[in-house]
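Heads up: the structure comes next, in structure tokens.
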Amino acid sequence: MASAPQPSIEYEVRMPEPQTHYFEVTVTVTGLHQQTVDFVMPVWTPGSYLIRDYARHVTTFSATDSQGTTLPVRKTNKTTWRVESRGARQIIAHYRVYAFDENMRESYLDESHAYINGPSLFVYVDGYLDRPVRLRIHPAPGWDTISTGLDPVPGEKWVFEAPNYDVLVDCPIEIGQHPVYEFTVRGVPHRIAIYGVGNYDPQRLMADARRIIEAAEALFGELPYRHYTFIVHLTSSGGGGIEHANSASLSYPRWDFSPESSYQRWLSLVAHEFFHLWNVKRIRPIELGPFDYTRETPTRMLWVAEGFTSYYADRLLLRAGFIGPGRYLERLAQAIAELQNRPGRFIQSVAEASFDAWIKFYRPDENSRNTTVSYYNKGKILAALLDLEIRHRTDGARSLDDVMRYLYTEFYKKRNTGYTEEDFRHVCEAVAGSDLREFFEQYVYGTTEIDYDRFLHHAGLRLERTEIDERRGYLGVRLRNENGRAVVASVVANTPAYQYGVYVGDEILAIDGWRVNFDNYAQRLGAKKPGESVVLTINRKGMVRTLDVVLGRRIRTDYHIVKLDQMTDKQETLYRQWVLESPSDRAGHGQSVIRPVPYKRGILQEVCDERFDVRSAIARGTLPAG
């Protein structure tokens, strides 16, 4: 018996009055055979782990059949509209979305341009996420350019297609009159679409993006897409990005393409988001796909998804020649300093930070530094240390690159599935040739203070700590400027302010009776000595009160990674492999160079008993024989 024909789904987007910030969306579903149809708006965007409740921007929702007859609609929960079909073979849903948030995880529309972040604009038909879809865009009057990773339908202007809803919403769309700069890498077309004015040089942007792309392609041996689009929004301040399978949305300060130090931040952003097309979009934790758009999808592996991407952003800049070994090690030292100055490193593991991203990372408060760590920051550090450990244990035969290549080949290309926490650890152990349980238990799932020198010594390096006694009284608060008033923004744990009861939100009015404000607070406090008692006069919610405080001593630690006075031949070799790779050294990095690695039998057997078969991997040549 022939199967019933599958329904077709087509979206139309109009923006007749862009100055009102309203998109008008139509979804036409043809060929359904059911009494009710649910249209669901996602609550989050993959790659940004926060519930955003996009349905809050939907102002009207209605439905008709093909004859224009109104069909009953009712909401069944905060994000779902249920339409009674009444036997209609075609349902046409109409709704309006208010879009006036310049965050690239939302959509935006005004008289100058439109930006569509798919999950915030497109409902899906429940039960049919895997169906092919078409999208027809009607730009605002006078707009003639659309930039997106979606494939155009040949012969139809402004019509695009996607194999399923996931791909539709994974391709952001920029619409307007913006310039588009095109270039090719390995014969693959790439585009940089830029909205906004800035001090960028288009030729340099293309040339430098090409170098980053080539460095990443050398690592994995291929570019896993047919075309790639960078959508860039130039803004007055801030910056960031979000990754997609064949595109990226980037936000960057318009005048920060010079000086060179600012331009390097741009390159870091490009490298980070571009590397995500492997790490997250293809190499992914098992929890991150297929997507459930209606609720949180927590994973303990964001320290790999984001932290390793931060590590490889620096690696790409190093391999592409944008930074040298000194700057590379300086960036790692800065990451270490950030972690070491965060009291939360003793409270929250990086695995816990990953799992709680939905409720903590994207919603920081004044106490976050005291109780949390960043999975970007600590994940980057752990990637560096794990890379050094693997290189050391295999005498330079293998590295973290081999872990990433193996995950890409085995889990994405061959199985098209995500990896579990156990999968990831066992792949690392298989590549390293020995047990890494202690590393994971202490530094990933625990809060043990990291022994940096243990790993840095592998490459003939050490972490130099320079303690600087500031020789002045220390209270332990961070202030914000509210019209010149010194208002406490945060209180550092285990400091005098923490001990004596200074609160976030307190306005510091005086020190020992002398009036202070935001501008002179540091000078007045700096005149006091460690151990000296002072009287703070504060305004707390309208009540003026005093606090007797004994000031502490602040010893600031500067961190630098330096070479040992004497290095063994092995250390010198590993150092050169890690930070002095030349283009010729990397020529074969697209394919794993298989070299014998002395595996411990117990570890190899343990890995073989898990979810994937390492013996088969050895036979295929994707892991070295023991």
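Any read-out appearing in this document is the output of simple, stated calculations on the displayed coordinates, not a laboratory observation. Keep in mind that what you see is a predicted model, and the values were worked out from it rather than measured. As a convention, Cβ positions derive from the backbone with ideal geometry for all residues, glycine included, and neighbour counts pool all protein chains shown.
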Could you sort 409-417, 542-550, 334-342 so that the peptide with the highest average Cβ count within 10 Å comes first and the rest follow in order?
-> 334-342, 409-417, 542-550
Where does the charge balance sit around Val29 when Lys and Arg score +1, Asp and Glu -1, over other residues with C-beta under 10 Å from its C-beta?
-> +1
Going out from 0 in 10 Å bins, what whole percent of all Cα-Cα distances in segment 467-557 drops into each bin?
-> 18, 56, 24, 2, 0
In whole percent, what relative contact order does segment 8-176 give with Cα contacts below 8 Å and a gap of six or more residues?
-> 27
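Counting Lys and Arg as +1 and Asp and Glu as -1, what is the net charge of the other residues whose Cβ lies under 10 Å from the Cβ of Arg342? Could you put the intermediate results ahead of the total?
Working: positive: Arg345, Arg369, Lys378; negative: Glu338.
Around Arg342, the surrounding residues sum to +2.
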Lysines whose Cα lies under 19 Å from that of Lys414, excluding same-chain neighbours fewer than 8 positions away | Lys281
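Using only alpha carbon pairs under 8 Å that are at least six residues apart, calculate the relative contact order of the chain and give it in whole percent.
On the way: 1268 pairs, mean separation 62.6, N = 626.
Computed value for the chain: 10 percent relative contact order.
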Scan around Thr235 for amide H atoms under 5 Å from its own, H built in the peptide plane at 1.01 Å from N, and keep only partners 5 or more places away or cross-chain.
-> Tyr252, Arg254
Within 10 Å of each residue's Cβ, count the other Cβ atoms and sort Trp578, Trp358 from fewest upward.
-> Trp358, Trp578
What's the center-to-center distance, using Cα atoms, between segment 410-485 and segment 134-159 in Å?
-> 45
In whole Å, what are the Cα extents of segment 51-122 along the three principal axes, biggest one first?
-> 41, 27, 16
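Among Glu273, Glu12, what is the fewest-to-most ranking by other Cβ atoms within 10 Å? Provide the component values of the computation, followed by the final result.
Working: Glu273 22, Glu12 17.
Ordered by Cβ neighbours within 10 Å, fewest first: Glu12, Glu273.
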Taking N as the number of residues in segment 354-449, what is its alpha-carbon radius of gyration divided by 2.2 N^0.38 Å?
-> 1.23
With the charge dipole of the chain built from beta-carbon charges (+1 for Lys and Arg, -1 for Asp and Glu) about the Cα centre, the Cα from Val403, His457, Phe424 projecting farthest to the positive end belongs to His457
Going by how many other beta carbons lie within 10 Å of each one, how would you line up Ile116, Ile286, fewest first?
-> Ile286, Ile116
How big is the C-alpha Rg of the chain next to the rule-of-thumb value 2.2 N^0.38 Å, as a ratio?
-> 1.08
Per residue, what volume in Å³ does the Cα convex hull of segment 128-198 take up?
-> 121
Grab the other residues whose beta carbon is less than 10 angstrom from that of Arg52, score K and R as +1, D and E as -1, and report the net.
-> -1
Calculate the length of the line joining the C-alpha centroid of segment 200-216 to that of segment 490-538, in whole Å.
-> 49
Return the long-range amide H neighbours of Ser247 (sequence gap of 5 or more, or a different chain), with a cut-off of under 5 Å between placed amide H atoms.
-> Thr229
Report, ordered by chain and residue number, the aspartates and glutamates lying within cross-link reach of Lys528, taken as a straight Cα distance under 19 Å and ignoring same-chain residues fewer than 8 apart.
-> Asp469, Glu470, Asp512, Asp519, Asp548
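For the chain, what is the mean residue ellipticity at 222 nm derived from helices alone (per DSSP H run of n ≥ 4: -39500 (n - 2.57); sum divided by total residues; nearest 500 deg cm²/dmol)? Display every interim value, and only then the final one.
On the way: 16 runs with 157 residues, N = 626.
The helix contribution divided over the chain gives -7500 deg cm²/dmol.
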Scalar couplings 3J(HN,Hα) for segment 251-264 by Karplus 6.51 cos²θ - 1.76 cosθ + 1.60 (θ = phi - 60°), nearest whole Hz, x for Gly and Pro, are 10, 8, x, 4, 9, 9, 8, 8, x, 4, 4, 6, 5, 5
Alpha-carbon spread of segment 8-176, three principal axes, descending order, Å = 42, 39, 29
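If one computes P(r) from the Cα atoms of segment 171-294, what percent of pairs lie at distances over 24 Å? The partial results should precede the final answer.
Values: 2028 of 7626 pairs.
Counting pairs separated by more than 24 Å, the tail of P(r) holds 27 percent.
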Return the lysines within reach of Lys529: Cα separation strictly under 30 angstrom, same-chain partners fewer than 8 residues apart disregarded; answer none if there are no such residues.
-> Lys541
